[in-house]
């Protein structure tokens, strides 16, 4: 079973102009929309209204958020000077401290925006200030680049939400931006340029995508059009596996697109859904429609992953790069449950009216989506910010 685009192909640019979306600035003006990473002010107004009216499914997800310990006023940040990810034989890994505090900063920021209670804003900025006042570096094995990417884009998103908070001193906000520009961005840039000294196709797509997400979110946070353009250009034309033609590398006549990590395992394949979604959503909020890029190429890959992980059969072409050859699709982790589908469902199906049956099924299976801490204590449960039912549901 395939899917069709109901005759809407080629209208992405027009749709971006007429459908509900960010409206504070245009990409051509050079000014950034703020807040304008994963969520805009219009998004927050919608969430606040729906929760106040106890409407569903927003309220069910709101209840998950407020019950999560990361969204509690009792959360105490534990910043460190050096974050280590990857067993380097010298330093103990401590990156879980960063991803837990990042999840808390985001959850508290959401809770503030929706409830209006400044106590949650104060706690969110206290976490951000604690880290910007202490963090000096990220190290470890090559896994340090996963930390710079995943936690970079997540904590930048928390700060983007909080940027308008009147009680966050401008000097502290500037210090946070400096941390992102001087610590995270150079790692993001270096990885996408040098790939840790490896061949350009050595690292899996999620490594590129994580650092692309961080780069894009930092660009928005710091009003850096040059960094923003660098990230967008890599999505379209990059040499590594995070570029869209390498992530969704094989197209089939039925409208599905085979993804780069399909022969590896489904946990990482589904992580690509999370990272692609974050990138496209942030660009969308700055008036760049990458969801529609190359005839909805992203959707073709998302439908492929969703169909296989819903138990369906998908076509598979043997995949090879400089290091591996994978003759068959991997069933390892099949059915992996991550809070990643609502973003795509609401954009492609609700907003644009496209037909995506496997995406619909995947979104229904996970709804309402939890956040960091709701999917286990390990890093995989924090690879995505979550709460997509609350934040992305349009109707």
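Points to keep in mind about this one:
- Matching residues in segment 326-354 - criterion: being surrounded by fewer than 20 Cβ atoms within 10 Å (Cβ to Cβ), at pLDDT 95 or above and not in a helix (DSSP H, G or I): 326, 327, 328, 330, 331, 332, 333, 334, 353
- Qualifying position, being within 17 Å of the chain's Cα centre (by Cα), in contact (Cβ under 8 Å) with a residue 40 or more places away in the chain and within 18 Å of residue 358 (Cα to Cα), among 299, 251: 299
- Between 208, 213, the distinction of being surrounded by 19 or more Cβ atoms within 10 Å (Cβ to Cβ), without any contact (Cβ under 8 Å) to a residue 40 or more places away in the chain and touching a helix residue (DSSP H, G or I) at 6+ places or on another chain (Cβ under 7 Å) belongs to 208 only.
- Given (1) over 22 Å from residue 276 (Cβ atoms); (2) out of contact with any helix residue (DSSP H, G or I) (no Cβ under 8 Å at 6 or more places or on another chain); (3) part of a helix (DSSP H, G or I), index of the condition residue 199 fails: (3)
- Exactly one residue out of 211, 241, 206, 229 is touching a strand residue (DSSP E or B) at 6+ places or on another chain (Cβ under 9 Å) and either assigned to a helix (DSSP H, G or I) or more than 19 Å from residue 138 (Cα to Cα) (or both): that is 241.
The values are calculated or read from the model by the stated rules, or taken from the named source; none is laboratory data. Values in this document were obtained by computation on a predicted structure and should not be read as measured data. When we count neighbours, we look across all protein chains shown, and the Cβ atoms used for this are built from the backbone with ideal geometry, even at glycine.
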